[in-house]
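The values are calculated or read from the model by the stated rules, or taken from the named source; none is laboratory data. Note that this is a predicted model, so its numbers are computed, not measured. No Cβ is skipped: glycine too gets one built from the backbone with ideal geometry, and neighbour counts run over all protein chains shown. These accessible areas exclude ligands, DNA and RNA; they are computed on the full protein's heavy atoms, side chains included. Shrake-Rupley method; radii C 1.70, N 1.55, O 1.52, S 1.80 Å.
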Amino acid sequence: MSVLKDKRTTSKAEYVNVANQIYVKTVDFLSRVSPRYSRLIAADTAHLAGQVMDHAEEANKIYPSDQLRKDLRKSHHLEAMAHLSALDVRLSHCYQILYCNPQGAFTDGKGHKVPAKEAMERLDNMSQDLGDLINQEADLLKGVMESDKKRK
């Protein structure tokens, strides 16, 4: 039997799912950057998103049963937080680059560029979604680190 929607709580491992979503949405966002800029920024930015995902997954696989495991898990959480912060900065740079020519980043089903206004709306929505996920991930990581700190 499943739990009623209003009775559900956030899983302590939800930060792993959010990290995976951040990676997927980051790659989608980076695919909008022109090839000229993509060579310069896409690989490093995607790598940061991958590091967030990897450290979240690694931390989640370590049960904090003794001090060594607690320290290792904390280290992975801190690495995930650091990479998340750096990713946020990199994505803001990507947004600024895309903002210069937003209609070049989006095409319709027939391969035609979308109008500037629609392109800006899409770009803003993608940026907002990614920003919300980054904030959610930071909050989840802080929460799990606080929870781990309370364990004896």
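Among the residues of segment 19-26, is any in contact with a Lys or Arg (Cβ under 9 Å, 6 or more places away or on another chain) and either small (Gly, Ala, Ser) or modelled with pLDDT under 95 (or both)?
The answer is no, given that none of the residues of segment 19-26 is in contact with a Lys or Arg (Cβ under 9 Å, 6 or more places away or on another chain) and either small (Gly, Ala, Ser) or modelled with pLDDT under 95 (or both).
Please state which of the following conditions residue 90 fails to meet, knowing it meets all the rest: (1) under 12 Å from the mean Cα position of the chain (by Cα); (2) open to solvent by less than 50 Å² (accessible area, probe 1.4 Å); (3) among the charged types (D, E, K, R).
(2)
Looking at segment 111-152, which of the residues that are touching a Pro at 6+ places or on another chain (Cβ under 9 Å), assigned to a helix (DSSP H, G or I) and in contact (Cβ under 8 Å) with a residue 40 or more places away in the chain is surrounded by the fewest Cβ atoms within 10 Å (Cβ to Cβ)?
Looking at residues that are touching a Pro at 6+ places or on another chain (Cβ under 9 Å), assigned to a helix (DSSP H, G or I) and in contact (Cβ under 8 Å) with a residue 40 or more places away in the chain, I get 148.
Say whether the condition of being out of contact with any His (no Cβ under 8 Å at 6 or more places or on another chain) and closer than 20 Å to residue 50 by Cα is met by at least one residue in segment 94-104.
Scanning segment 94-104 turns up at least one residue that is out of contact with any His (no Cβ under 8 Å at 6 or more places or on another chain) and closer than 20 Å to residue 50 by Cα.
Results for (1) exposed (fewer than 15 other Cβ atoms within 10 Å of the Cβ); (2) at negative phi; (3) in contact (Cβ under 8 Å) with a residue 60 or more places away in the chain, shown as yes or no for each residue.
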position	(1), (2), (3)
43	yes, yes, no
55	no, yes, no
60	no, yes, no
63	yes, yes, no
75	yes, yes, no
83	no, yes, no
95	no, yes, no
105	no, yes, yes
109	yes, yes, no
